[in-house]
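The values are calculated or read from the model by the stated rules, or taken from the named source; none is laboratory data. Keep in mind that what you see is a predicted model, and the values were worked out from it rather than measured. No Cβ is skipped: glycine too gets one built from the backbone with ideal geometry, and neighbour counts run over all protein chains shown. What goes into the accessible areas is simple: the full protein's heavy atoms, side chains included, and nothing from ligands, DNA or RNA. Shrake-Rupley method; radii C 1.70, N 1.55, O 1.52, S 1.80 Å.
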Amino acid sequence: MIPFNKPYLSGNETEYITDAVRSGKISGNGLYTQKCHAFFEEKYSFRKVLLTTSCTDALEMAAILADLQPGDEVIIPSYTFVSTALAFVRQGARIVFADSTSESPNLDAERLESLITERTRVIVPVHYAGIACDMDKIMALARTYNLLVIEDAAQSIDSSYKGVPLGSIGHLAAFSFHETKNIISGEGGMLVINDERFAHRSEIVWEKGTNRSEFFRGEVNKYGWIDVGSSFLPSEIIAAFLYAQLENLEKIQNRRAALWNYYYQALTPISDLGYFELPKIPDYATNNAHMFFLVCRNAAQRDQLIKALKDSGILAVFHYLSLHKSEYYKDKHDGRELPFSDYYSAMLVRLPLFFELSFSDIDQIVQVIKTVFSSRYDAEVIHYNNQL
Ligand SMILES: *Cc1c(COP(=O)(O)O)cnc(C)c1O
């Protein structure tokens with residue numbers, strides 16, 4: 001059996017958890033939280049970061065900081081995870097869904113301007129598979145129309161756009177350390193605050209609407225309730241686990257990249273026959289090897305591929321269903337067709353990719369894919385010959 005994902009323990013996770021427990025402080029914002037914060041701020045030049053209990057929570061913090069009023073509009077891609085939209089819906093915003101491009105599931109920056117209205121306040125680019133959206137175009141529109149850009153960088157750890165780390169470009173950004181991502185803590189996330197205007201308030205929202213962070217630093221001599229917020233900070237147990245992963249970030253990223261490249265080379269000859277598309281990495285983007293996906297030619301072929309892999313004990317999975325067609329939002333959507341979002345919903349398949357996957361596992365997966373398409377190829381040739 002080859003699972004789709006397997007969480008990887010890089011070495012010191014349990015040791016650091018034990019250390020955190022023995023230290024006597026296991027609630028949030030202790031030593032390990034601060035070590036993680038320092039790591040990210042130094043390595044990626046993020047202005048300020050706050051660990052959260054999930055990326056969903058980081059997005060909720062961002063939506064609170066954006067100070068949305070009912071009826072304000074937020075542009076997000078339809079091809080994304082529910083959380084991207086949920087955070088803003090909870091603040092009373094109206095979601096305006098953007099379509100993906102023909103080349104990748106990322107939102108189409110070329111057609112973004114036509115979605116901007118008087119009520120637009122925020123654009124949320126999602127860097128699908130850790131591959132950057134066209135950020136220069138998005139930031140230029142944000143400047144022209146005075147909008148906030150909140151990067152959903154859930155999948156984007158250690159990836160960049162024109163040499164600049166993802167998560168450092170938007171006014172705010174949200175990362176995930178869910179066990180399906182590259183760097184994990186079970187559940188976990190992080191808010192990045194690049195715009196100084198949000199730095200002070202972000203700490204208050206993080207600590208249940210109180211100025212407890214300032215109190216801990218000795219900047220005020222008592223703390224109290226001064227704003228809205230929630231309990232967004234994770235315990236030291238989570239932060240200790242995460243810090244162990246961060247110490248091995250390079251090792252994890254190198255292994256994933258080697259596996260990704262091996263898949264790519266092995267599948268290129270089959271892709272060249274026209275059976276499916278491989279991921280395309282624009283010149284401005286890096287590949288952080290978060291995900292290996294194929295885009296099939298039609299839905300039936302995609303489902304046949306998933307089934308053939310499953311019959312061989314290999315778990316491959318499709319991904320998002322267009323949010324503009326979801327049970328919850330379809331009646332609130334403005335009715336526009338989003339053909340590329342639907343295209344990826346129907347035809348994209350993700351292959352197993354995790355640290356402990358082996359090259360021979362990949363050989364086995366590629367062999368099944370070859371068999372599916374060679375039988376298909378033969379059938380198509382016979383069908384064609386019969387018609388002559
Ligand atoms: C994983 C993911 C999320 C949610 O992350 P959690 O940490 O599970 O809340 C949000 N957006 C995208 C694009 C994701 O891939």
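Looking at the range 138-177, which of its residues are farther than 27 Å from LEU68 by Cα, touching a residue at least 40 places away in the same chain (Cβ under 8 Å) and not in a strand (DSSP E or B)?
Within the range 138-177, ILE157, ASP158, SER159, LYS162 qualify.
Against the condition under 12 Å from MET61 (Cβ atoms), open to solvent by 20 Å² or more (accessible area, probe 1.4 Å), touching a residue at least 24 places away in the same chain (Cβ under 8 Å) and within 16 Å of the ligand (Cβ to nearest atom), how does SER230 come out, does it pass?
Yes.
Residue check: is SER168 within 16 Å of the ligand (Cβ to nearest atom) and hydroxyl-bearing (Ser, Thr, Tyr)?
Judged against the criteria, SER168 is not a match.
Of all the residues that make up the range 10-52, how many are outside any helix (DSSP H, G or I) and either touching a residue at least 60 places away in the same chain (Cβ under 8 Å) or within 16 Å of the ligand (Cβ to nearest atom) (or both)?
Within the range 10-52, residues that are outside any helix (DSSP H, G or I) and either touching a residue at least 60 places away in the same chain (Cβ under 8 Å) or within 16 Å of the ligand (Cβ to nearest atom) (or both) number 17.
Out of (1) open to solvent by less than 70 Å² (accessible area, probe 1.4 Å); (2) under 30 Å from ASP67 (Cα atoms), the odd one out for ALA266 is which?
Evaluating ALA266 over (1) open to solvent by less than 70 Å² (accessible area, probe 1.4 Å); (2) under 30 Å from ASP67 (Cα atoms) leaves (2) as the failure.
Can you name the residue in the range 269-289 that is under 21 Å from ASP158 (Cα atoms) and of a type in the set (A, V, I, L, M, F, W, C) and is also most open to solvent (accessible area, probe 1.4 Å) among such residues?
Ranking the candidates gives ILE281 first.
Of the residues in the range 53-93, how many are out of contact with any strand residue (DSSP E or B) (no Cβ under 9 Å at 6 or more places or on another chain) and within 13 Å of the ligand (Cβ to nearest atom)?
2
On the basis of being farther than 30 Å from GLY186 by Cα and either part of a strand (DSSP E or B) or within 16 Å of the ligand (Cβ to nearest atom) (or both), does VAL96 make the cut?
It is true that VAL96 is farther than 30 Å from GLY186 by Cα and either part of a strand (DSSP E or B) or within 16 Å of the ligand (Cβ to nearest atom) (or both).
Under 8 Å by Cβ, and 6 or more places apart or on different chains, what pairs join a residue from the range 180-201 that is more than 16 Å from the ligand (Cβ to nearest atom) with one that is of a type in the set (Ser, Thr, Tyr)?
Listed by first residue and then by second, the contacts come to ILE193/SER202; ASN194/SER168.
Any residue in the range 50-67 that is within 19 Å of the chain's Cα centre (by Cα), under 22 Å from MET135 (Cβ atoms), surrounded by fewer than 21 Cβ atoms within 10 Å (Cβ to Cβ) and not basic (Lys, Arg)?
No, the conditions are met nowhere in the range 50-67.
Quick check: anything in the range 337-346 over 25 Å from LEU267 (Cα atoms) and within 23 Å of the chain's Cα centre (by Cα)?
Yes, there is a match, as at least one residue in the range 337-346 is over 25 Å from LEU267 (Cα atoms) and within 23 Å of the chain's Cα centre (by Cα).
State the number of residues belonging to the range 97-155 that are surrounded by fewer than 19 Cβ atoms within 10 Å (Cβ to Cβ) and of a type in the set (Asp, Glu).
So the count comes out to 5.
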